[in-house]
Amino acid sequence: MASMDTISRNLMLDSLREYAKRRIPFDLIRELDEKNEFPTEILKEMYDRDTLGVHLLMIPEEYGGVSGGTFDIYRICEALARIDLGIATGVFATFLGTDPLNVGGTEEQKEKWLKRIASENLLVAYGATEPDAGSDLVNLRTRAEHVVKNGKIAGYRITGNKQWISNGGVADMHTILALAPGGPSWFIVEKHMEGFSANKHEDKHGIRLSNTAGLSLDNVYVPAENLIGMEEGKGLLQAQAVFGYTRVMVAAFGLGAGAEAMEHAIRYSQQRIQGGGPLSEKQGYTHKLIVPNYVRLEGARSYIEYTALRLDSGEHGLQTEGAIAKYGASEWGNKAADDAIQALGGYGYTKDFPVEKIKRDIKITCIYEGTSEVLEMTIYRGRWQEHLKSRGRYYLDMADRLDEVHAKEPKAGAHAAALGLRALAAVLEECRVQKLTRHQHVTFTLGRLICAAETAAVFSTAAAAQKYSETVRFDREGWQAMARVFAREAALKTALEGLALVLGSADAAVNLSDAVNMEAIQAEQKGMIADMDLVAQKLKQTFKAK
Amino acid sequence: MNIVVCVKQVPDSTEVKINPETGHLIRAGVPSIINPYDHFALQSALELKKKHNFRVTVVSMGPPQAKSVVQMGMALGADEGILLSDMAFAGSDTWSTSYALAKAVKKIGKTDMIFCGMQAIDGDTAQTGPGVAQQLGMPQVTFCEHVDVDGRRIIARKLIDGGHEIVEARPPVLLTMIMHKDYVPRYPSFLAVNASLKKPFHTWSASDIGAEAQFLGLKGSPTQVDKIYPPPQREKAAMFSGSGQEGMAKILQIMKSEHFLDE
Amino acid sequence: MIEVSNKCIGCNKCVPVCPFTAINMVDKKAVMNEACTLCGVCVQICPVQAITITREEASARDLSGYRGVWVYVELSETGDKAHPKKTKQVTFELLSAGRRLADELGEDLCAVLLTDKNHNYEKELGAYGADKVYMVEHDELFEYNTDIFSTVIVSLVTRHKPSIMLYGATIQGRDLAPRVASTLYVGLTADCTALAIKDGLLLQSRPAFGGNIMADILAPRSRPQMSTVRPNVMKMNEPVLGRSALVVREAAKLDKSLRRVKVLERKISHDQGGVKIENAGIIVSGGRGMKTREKFKQLEELSKLLGGVVGASRAAVDLGFKEKAHQVGQSGTTVSPKLYLSFGISGAVQHIVGMKASDVIVAVNKDASAPIFNVAKYGIVGDVHEIVPKLIEALKKAK
């Protein structure tokens, strides 16, 4: 679905934020976090079509929804994460649980179920994970057996256990992945069905406002019409088809929660006087704890938007892009939240200020919807194929395009980004020649380097554009400085770590040091401190002390 | 009855930033909101619509993105939306703004009540509402907390200095609204936002409303801004030390010099 | 200017719609009298487009004949035979400010008084600096009414052509002034906090964006230059007893039908008790340094003497010195009183964010490096337990 117009999207965002301001104050969140309690009433209100109806974003207009696109959903997910990642997860679970229907449901099934979800404000859960099957669904144990009546398949009996299901204990309906005789398939299971039960709510490190529970299915009978798509064996395809999209949502969570923590720290640093001046004026503070984190989050934002816009324009899959978006945003968000605690010192370590909770919450974004390690592998796999297919040109071509960007707009860090991509191409080629990808560590590390180098390319391209996205809260001068800081850091890391990686696993790497062009990358670092000073200044202006 | 509500898009004043060197406002990155008093005016009008089945039209003047506040009005229940948008309006002061809004109301047609916020939080002038009333020859009731309609009688509770009044007017009348203390601003649901896209919305230029260029913009505005600058910075505290008698005397002296106590 | 062309067919449609009864039919032709405010209702209603309003091109206006600084005299809302309406303090503040402007321009300072009955108001007005009082005494002026008062002011201004006119930025002033400005097509600047003369023009300073910026405003091409001025800002001059103003009586034809909005009921509340902390003008606040609940109670006495409200830091609330409703700060209430007196509060960030917008902050703490002094205007390093009782004693004596 294409995204809606900016004004409508922003009106929805305003409604969501205003609702949260009024109904979900920090004191309440703190209390629920302490009690490990799911705010049923708030979720029901957020789903209420006359109050908000956030879940309608996922539902096409013809079934009573508002037909949100990926960009819309990214913006709403970011806003939800800024409120509370547990509540955000509760909403996300419905999005996710609705997905198999959206992707694989027949017209009749959509008509029936999507309309019910829209009009009855149903909470939905997505039941895929099992004790032995996480990101790797091959070991699926839950089974669906045929129930035959009059020679026809009248229904299925499902038996098995699901684990760590968000909304598991509170959802009205579940989409359950089970192994049917024809292969893995999705089934719609309603909570009142006989033999279905939810286990106790987990006691988690973070996102304690989200309900997470295991599910037991003991010979649960579902009619044949509840098989999504009315065809067995399509389950894994249906699950894979939306990864690009669902990972953008979790990426938005990492971005939203991480940026929220940072913005607390930036506002705080202007009030906290140490050694005769506010912390916000001290490089030892800003250039370590604030600037690098915020810059990385802006990079993640530009990559999320790049992926979302491509999905909205009708491209399918984008598994690698979804993985890069999520991996970058969640890892950088997690680091930012950690540094936000440090930035608030003793206050940050208490529960009086929200950063402590954000830090606990945000960790989940590195775990669910594909752990960071699974994503490193996914990113590596996707791009390694491109590298081989293009005979090593994939990143060189990308670097050439960055050179063109740089020729038009020299202030956006495109030159540094191009240097980083060329270094990456050299490292990948050396790995191929020396057959280094036999080491799993090499492949996963490459996944990480690819994420940073590609994000730099996308960020610099966005910062060079004539018109900025509606989400950019800085002026041109400030945002381009951020892109430069990001691109320099990414280029340096790609070259240094790539070199170290090859040296650590090969016998020799004679020409690699020249190939990654270390000299040029070092020369490109010129002006870094001045740019960081500028970014610190812009952050202070945008997030002034309240 | 036909109601027109005038709304304005304003920068969220809690987020406004100043360039410390030039003293100019930095608008980049400052979120825009509906002026809170206009929001209350809109809700007051929509409550009457609900009760009496009146027709409500939302009007705003501003750049194209100010469509947002008009669309919000429609999402909350208004029947129609109009945005006055034209480079010719840029730089208008309260006189010129009232002139343009009054022209727009004339074009809309028969209007029985006009609701405005008491003032906008970016300018805090409270002048546009009365200006519109005067240009249309309508009576005005300013600083209202509550408005009721009983047949052709319009009953308003309004603030006066040191108290309040209950007043009665007949249509047409213009009312400016303050916020009463129990007011909870409403925001539209996602469905309502989506549905508002299907309501009639028009963008009108100066010539569409028959406004003459000589009364618009900087040229037509009687007032002009000579200079904008940051308010004087708070200086470092004047520090004194002294316990007991001495400290007490110092505090008394400070309160006198700051006019909190008589000399 | 309003003109009726010979297209007029004398259909009489415009006469009843005129809100100011400013149209008469003379020889089957509409003729406007002085009550006309150029509001344009008749232009709309005329079936043959015989009525036109032409506004002078701003730059082409002749401004030379405009002289004098005028102050609108605001009287209190209620009065009776025994207790006549009083002149509000803001009027004296305006006269004090207006006196300076008039002296600098070398022009007269005039007060404009609309009332149903004069009670020697010219004496006070003169004492505060007015040279003249333009007085309109009329039964219909028994209470403020937008239509009636604006009609009278417009006609006075048109007749006497002042160069400057000031109103209090009160509810009444802010209702009246824009109506007048709109009629006359002249500049009006709201809620000014400073006035000066710059190159012969009135330079009007005012805060905008919730006090985040200041703007200086001029109205060079129209007269009078009009401002509403925030009360309690302009310094009042000492009244010169015995200095009286010359009274110039002005006539006004005022018809009952002008009163389009009618007052059904009026309540004046003198009760200032039970003020909420967010609206308080003066806050006396205490923190951990007050030591005990009993000692904290002294602040309540102090606050009562100053006509303020008690505030507390989070530490003080946590220690049970004061109820949570009085807590100032991030997890309490954000306040911006005119005066914030803090005793024994060190100034944790979470407290400071809630009170730093106060106009004047006076902090007392025994630790000279307490962060509260970073936001205070006045800091006193001393022992609150010695200072507070002495302060209470001194204030009691002064009463």
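The values are calculated or read from the model by the stated rules, or taken from the named source; none is laboratory data. Everything quoted here is computed from the prediction, not taken from an experiment. Counting neighbours? That spans all protein chains shown, and the Cβs are built from the backbone with ideal geometry, glycine included.
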Output for Cβ contacts, cut-off 6 Å, separation at least six or different chains, first residue among the aliphatic types (A, V, I, L, M) in the range A:277-290, second modelled with pLDDT under 90 and not in a helix (DSSP H, G or I), reads A:279/A:272
Is the range C:246-263 home to any residue that is facing chain B (nearest Cβ under 9 Å), over 30 Å from residue B:154 (Cβ atoms) and surrounded by fewer than 17 Cβ atoms within 10 Å (Cβ to Cβ)?
no
Over the range A:304-361, the set of residues hydroxyl-bearing (Ser, Thr, Tyr) and farther than 24 Å from residue A:288 by Cβ is A:306, A:307, A:313, A:320
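Give me a count of the residues in the range C:356-389 that are acidic (Asp, Glu) and in contact with a Gly (Cβ under 8 Å, 6 or more places away or on another chain).
Taking the range C:356-389 as the starting set, the residues that turn out to be acidic (Asp, Glu) are C:359, C:367, C:383, C:386.
Now restrict to residues that are in contact with a Gly (Cβ under 8 Å, 6 or more places away or on another chain): C:383, C:386.
Residues that pass the stated criteria total 2.
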Listed by range, strands (runs of 3 or more DSSP E) wholly within the range C:201-258 having at least 3 residues that are closer than 16 Å to residue C:91 by Cβ are C:225-229
So is residue A:92 crowded, with 19+ Cβ neighbours inside 10 Å and assigned to a helix (DSSP H, G or I) or not?
yes
Kindly establish whether residue C:351 is more than 8 Å from chain B (Cβ to nearest Cβ), surrounded by fewer than 21 Cβ atoms within 10 Å (Cβ to Cβ) and on the phi < 0 side of the Ramachandran plot. no
Of the residues in the range A:507-546, those that are among the hydrophobic types (A, V, I, L, M, F, W, C), surrounded by fewer than 17 Cβ atoms within 10 Å (Cβ to Cβ), touching a residue at least 12 places away in the same chain (Cβ under 8 Å) and not in a helix (DSSP H, G or I) come to none
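Of all residues in the range B:147-198, which are hydrophobic (A, V, I, L, M, F, W, C), assigned to a strand (DSSP E or B), at the interface with another protein chain (Cβ under 8 Å from one of its Cβ atoms) and free of Cβ contacts under 8 Å to residues at least 40 places away in the same chain?
If we filter the range B:147-198 for residues that are hydrophobic (A, V, I, L, M, F, W, C), which is where we start, we get B:147, B:149, B:154-156, B:159-160, B:166-167, B:169, B:173-175, B:177-179, B:184, B:190-193, B:195, B:197.
Subsequent filtering for residues that are assigned to a strand (DSSP E or B) retains B:147, B:149, B:154-156, B:159-160, B:166-167, B:169, B:173-175, B:177.
With the extra rule that they be at the interface with another protein chain (Cβ under 8 Å from one of its Cβ atoms), the set shrinks to B:155, B:159-160, B:166-167, B:169, B:173.
B:155, B:159, B:160, B:166, B:167, B:169 - these are the residues of the range B:147-198 that are hydrophobic (A, V, I, L, M, F, W, C), assigned to a strand (DSSP E or B), at the interface with another protein chain (Cβ under 8 Å from one of its Cβ atoms) and free of Cβ contacts under 8 Å to residues at least 40 places away in the same chain.
So how many residues does the range B:235-263 have that are at the interface with chain C (Cβ under 7 Å from one of its Cβ atoms) and not in a strand (DSSP E or B)? It would help to see each step written out before you state the result.
First, pick out the residues of the range B:235-263 that are at the interface with chain C (Cβ under 7 Å from one of its Cβ atoms): B:237-245, B:247-248, B:250-252, B:254, B:258, B:260.
Keeping just the survivors that are not in a strand (DSSP E or B) gives B:237, B:242-245, B:247-248, B:250-252, B:254, B:258, B:260.
Total satisfying the criteria: 13.
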Residue set A:136, A:172, A:84; condition surrounded by fewer than 24 Cβ atoms within 10 Å (Cβ to Cβ), within 20 Å of the chain's Cα centre (by Cα) and not aliphatic (A, V, I, L, M); output residue A:136
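Within the range B:124-141, identify whether any single residue is part of a loop (DSSP other than H, G, I, E, B) and touching a residue at least 40 places away in the same chain (Cβ under 8 Å), and answer yes or no.
yes
Just checking, does the range C:358-380 include any residue being in contact (Cβ under 8 Å) with a residue 40 or more places away in the chain, assigned by TED's automatic domain parsing to the domain that holds residue C:394 and within 34 Å of the chain's Cα centre (by Cα)? Let's see the steps before the verdict.
At the first step, the residues of the range C:358-380 found to be in contact (Cβ under 8 Å) with a residue 40 or more places away in the chain are C:358, C:365-366.
Going one step further and asking which of them are assigned by TED's automatic domain parsing to the domain that holds residue C:394, we end up with C:358, C:365-366.
Now restrict to residues that are within 34 Å of the chain's Cα centre (by Cα): C:358.
Yes.
Given the criterion more than 24 Å from the chain's Cα centre (by Cα) and of a type outside the set (Asp, Glu), identify the matching residue among C:144, C:134, C:72, C:66.
Values: C:144 fails: more than 24 Å from the chain's Cα centre (by Cα); C:134 fails: more than 24 Å from the chain's Cα centre (by Cα); C:72 fails: more than 24 Å from the chain's Cα centre (by Cα).
Answer to the check: C:66.
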Of the residues in the range C:209-264 that are among the charged types (D, E, K, R), in the same structural domain as residue C:111 (by TED's automatic domain parsing) and without any contact (Cβ under 8 Å) to a residue 40 or more places away in the chain, the one that is farthest from residue C:77 (Cα to Cα) is C:216
Item to check | Any hit, the range B:208-222, residues being more than 14 Å from chain C (Cβ to nearest Cβ), surrounded by fewer than 20 Cβ atoms within 10 Å (Cβ to Cβ) and in contact (Cβ under 8 Å) with a residue 24 or more places away in the chain | outcome: yes
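Tell me, which residue of the range A:37-56 that is assigned to a loop (DSSP other than H, G, I, E, B) and facing chain B (nearest Cβ under 7 Å) is surrounded by the fewest Cβ atoms within 10 Å (Cβ to Cβ)? I'd like the intermediate steps shown before the answer.
So the first thing to find is which residues in the range A:37-56 are assigned to a loop (DSSP other than H, G, I, E, B), and the list is A:37-39, A:48-53.
Those left that are additionally facing chain B (nearest Cβ under 7 Å): A:49-53.
Working: A:49: 19, A:50: 10, A:51: 19, A:52: 25, A:53: 25.
Only one residue fits best here, namely A:50.
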Flagged in the range A:6-36 as modelled with pLDDT under 95 and in a loop (DSSP other than H, G, I, E, B), in numbering order, are A:25
Quiz item: Do we find a residue being over 28 Å from the mean Cα position of the chain (by Cα), surrounded by fewer than 24 Cβ atoms within 10 Å (Cβ to Cβ) and of a type in the set (Val, Ile, Thr) anywhere in the range A:459-481?
Solution: no
Does residue B:104 satisfy the condition of being out of contact with any helix residue (DSSP H, G or I) (no Cβ under 7 Å at 6 or more places or on another chain), in a helix (DSSP H, G or I), in contact (Cβ under 8 Å) with a residue 24 or more places away in the chain and surrounded by 19 or more Cβ atoms within 10 Å (Cβ to Cβ)?
-> yes
Selection from the range C:359-386 of residues crowded, with 20+ Cβ neighbours inside 10 Å, of a type in the set (Gly, Ala, Ser) and at the interface with chain B (Cβ under 10 Å from one of its Cβ atoms) yields C:363, C:376, C:379, C:382
Over the range A:436-453, the set of residues farther than 17 Å from residue A:395 by Cβ and charged (D, E, K, R) is A:438
Going through (1) within 12 Å of residue C:4 (Cβ to Cβ); (2) at pLDDT 80 or above; (3) in a loop (DSSP other than H, G, I, E, B) one by one, residue C:52 fails only at (3)
Exercise. Does residue A:25 satisfy the criteria of being closer than 19 Å to residue A:96 by Cα and more than 10 Å from chain B (Cβ to nearest Cβ)?
Worked result: no
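What about residue A:224, is it more than 19 Å from residue A:479 (Cα to Cα) and under 22 Å from the mean Cα position of the chain (by Cα)? Full working, then the answer.
On the way: more than 19 Å from residue A:479 (Cα to Cα): yes; under 22 Å from the mean Cα position of the chain (by Cα): no.
No, not satisfied.
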Quick check: is even one residue across the range A:225-233 in the same structural domain as residue A:179 (by TED's automatic domain parsing) and in contact with a helix residue (DSSP H, G or I) (Cβ under 7 Å, 6 or more places away or on another chain)? yes
**Prompt:** Quick one: would you say residue A:147 is among the aliphatic types (A, V, I, L, M), within 14 Å of residue A:215 (Cβ to Cβ) and in contact (Cβ under 8 Å) with a residue 40 or more places away in the chain?
**Reply:** no
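Could you check the range A:494-506 and list, in sequence order, the residues that are part of a helix (DSSP H, G or I) and either touching a Cys at 6+ places or on another chain (Cβ under 9 Å) or in contact (Cβ under 8 Å) with a residue 60 or more places away in the chain (or both)? Lay out the reasoning, then the answer.
Step one: list which residues in the range A:494-506 are part of a helix (DSSP H, G or I), which gives A:494-505.
Result: A:494, A:495, A:498, A:499, A:501, A:502, A:505.
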